[in-house]
Structure formats: C-alpha cells, structure tokens
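Written out below as structure tokens is the structure these notes cover.
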Amino acid sequence: MEPSARTSHEPRYGAGLLDHQLPLEARRLRALEDFADPGTRTMLDGRGLAAGRRCLELGAGAGSIARWLATRCAPGEVVATDLDTSLLPTDVPNLAVLHHDAVREDLPAASFDLVHARALLEHLPEREEVLAKMVRWTVPGGWVCVDGMIMLVPPGSARNAYHRCLNGLIALGAGSMRADAGWAIALPRLLADAGLEEVDVQCTPGRVGPGGNADLLLRLTLEQTGTAMVDQGLIQPQDLTDCTRLLDNPRYTDLAFLVVSSWGRRPHPHS
C-alpha cells in the first residue's frame with residue numbers, strides 16, 4: 001500500500017494539541033506506550049497471533065504495538081496507519097506504514113486477520129462508523145480489538161488541584177478535540193452490537209503519584225495542554241502548579257485513567 005498525500009482540508013492532528021511535531025508529543029506517546037503496552041499485548045496475544053497473520057494497527061502513534069505485531073506475525077504483513085506517520089518505524093521489513101484517515105478513507109474489505117486501535121476512537125466524533133469499518137476490514141474468523149482510554153475523576157465537585165486539572169483535560173477534549181473521555185465503557189456492548197462473537201474485556205488502571213504507572217503520561221499531557229486549558233478558562237494557572245506539587249507528594253496517589261480493552265471475533269457467514 002502506498003501512503004496517500006496529506007490534503008490541505010484535513011483537520012490538524014488532535015486539534016493542534018496532539019501534533020506529533022510538538023516538543024513533548026513524542027515523549028508523551030512513549031509514556032502512553034510504557035503504561036498501556038503490557039495490557040494491549042496481553043489482549044492481542046490471546047487472539048491467536050501466529051506467523052503469517054496479516055494485521056492492521058489503526059492510529060499507530062509512535063509504533064510500539066505495530067513493531068511488536070510485526071515481530072509476532074512475521075513474515076505476515078502489518079499495516080500501521082496514522083494521520084501523521086512521522087514517528088512510525090521504517091526499519092521493519094514486514095511493516096508497511098500508511099498515511100490514512102480512518103474517517104474519510106476506506107481499506108479493502110476482509111483483508112486483515114486482526115484489526116486493532118488504541119486511544120483513537122474516543123477522539124473521533126464518527127467513532128462508531130469507524131468501528132463498523134474495522135469490522136468490515138476484518139476477515140471472517142478474525143479479531144477486532146480496541147483499547148479505549150477513560151479519564152477518571154471522583155463524583156461531585158473537584159476536591160483538589162489535581163481533580164480540577166483532570167476535569168479541565170476532559171472539558172478540553174470534549175471541546176477542542178471533540179473527544180469523549182467515557183465512551184470506552186460501552187465497548188463490549190458496541191462490539192456485540194456490531195455482530196462480533198466471543199466478545200470479552202479486560203481493564204488496566206492508571207495510577208498517578210510517585211511510582212504510578214501512568215504518572216509520566218499525565219504529567220506530560222498536562223504540560224502540553226496546560227496553556228490551552230488556562231486560555232479557555234477551564235483551570236487557573238495556579239492549578240497547574242498546585243497539581244504538580246500534589247503529584248510530587250510521596251503520600252499522594254490517585255487514579256487518572258482506565259484502559260478498557262475489548263475484543264470480538266467476526267463470525268463466518270454460516271454462523
């Protein structure tokens with residue numbers, strides 16, 4: 001597959017807040033990989049990966065899962081797509097990198113044994129239409145696998161600067177990026193509604209505070225988006241300072257994320 005050309009009418013990646021060219025974005029994506037890759041690999045490994053399988057990694061980001069799939073399925077081909085492919089590896093023989101807009105563009109039907117997306121669909125207003133495409137791109141008997149990121153805040157009013165910043169991130173995503181921070185809770189039902197069988201789910205909590213598995217991811221996300229949150233009146237400048245101090249406190253810990261990993265198998269026509 002040949003990469004398509006970027007057109008001038010395309011929206012900026014992540015509404016300009018998650019552009020791969022931003023100074024912190026590569027580090028932020030690596031922090032996401034460090035946090036989420038173990039759970040993603042567990043989900044995908046349970047789907048019968050084997051040599052010769054053909055896989056699609058949709059919205060591949062910095063490419064850790066695409067590279068891993070290419071190793072697990074060699075000599076089978078892995079196709080890694082993104083709106084911005086600049087961080088994807090180019091040194092893996094059986095990994096094809098494709099510039100691709102999952103909302104506006106299609107791929108051949110029934111062409112992959114496994115189709116996977118992580119931290120992608122919740123950022124797309126057309127998320128359920130893209131999920132239907134993922135099912136269509138999967139061969140009968142193949143697997144559709146989705147990791148969705150949920151941001152967690154306690155019910156009721158914000159209790160401290162950390163909660164105010166997390167609420168600000170959720171509001172920023174819903175506005176500028178048109179994201180839904182809680183959408184992934186419906187993933188098992190949506191996969192079943194899409195006609196998939198053997199649907200199941202696993203969850204990975206993301207803890208922040210010293211030693212937390214998602215601490216660096218949250219800190220880099222706040223650093224990258226903090227100015228936008230302040231400019232939009234979602235938080236006060238002091239909230240960022242107070243949040244950092246709180247996260248630095250060795251006695252503080254909290255949950256910021258929940259990764260909902262869900263999967264299902266496309267049935268054979270006679271099923």
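The values are calculated or read from the model by the stated rules, or taken from the named source; none is laboratory data. Nothing here was measured: the structure is a model prediction, and the numbers come from that model. Glycine gets a Cβ as well: all are built from the backbone with ideal geometry, and neighbour counts include every protein chain shown.
Quick rundown of the values:
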| item | result |
| --- | --- |
| Number of the condition not met by Val201 [criteria: (1) under 15 Å from Arg265 (Cβ atoms); (2) within 14 Å of the chain's Cα centre (by Cα); (3) β-branched (Val, Ile, Thr)] | (2) |
| So Val153, is it of a type in the set (A, V, I, L, M) and assigned to a loop (DSSP other than H, G, I, E, B) | yes |
| Candidate set from the range 238-271 (those that are in a strand (DSSP E or B) and of a type in the set (A, V, I, L, M)); member that is farthest from Val153 (Cα to Cα) | Val260 |
| So Arg207, is it modelled with pLDDT under 95, of a type in the set (Lys, Arg) and in contact with a helix residue (DSSP H, G or I) (Cβ under 8 Å, 6 or more places away or on another chain) | no |
| Selected residue [more than 15 Å from the chain's Cα centre (by Cα), surrounded by 15 or more Cβ atoms within 10 Å (Cβ to Cβ) and in contact (Cβ under 8 Å) with a residue 60 or more places away in the chain] from Val97, Val115, Val146, Val92 | Val97 |
| Residue match in the range 190-213 (condition: in contact with a Lys or Arg (Cβ under 9 Å, 6 or more places away or on another chain), surrounded by fewer than 20 Cβ atoms within 10 Å (Cβ to Cβ), within 22 Å of Ala26 (Cβ to Cβ) and touching a residue at least 12 places away in the same chain (Cβ under 8 Å)) | yes |
| So Ala184, is it modelled with pLDDT of 95 or more, surrounded by fewer than 17 Cβ atoms within 10 Å (Cβ to Cβ) and within 18 Å of Ala117 (Cα to Cα) | no |
| Residue count for the range 156-188, restricted to those that are without any contact (Cβ under 8 Å) to a residue 12 or more places away in the chain and part of a loop (DSSP other than H, G, I, E, B) | 4 |
| Those residues of the range 247-271 which are more than 20 Å from Ala31 (Cα to Cα) and buried (at least 17 other Cβ atoms within 10 Å of the Cβ), in sequence order | Ser262, Trp263, Gly264, Arg265, Arg266 |
| Matching residues, the range 151-180, being touching a Cys at 6+ places or on another chain (Cβ under 9 Å) and either polar (S, T, N, Q) or over 20 Å from Gln236 (Cβ atoms) (or both) | Asn160 |
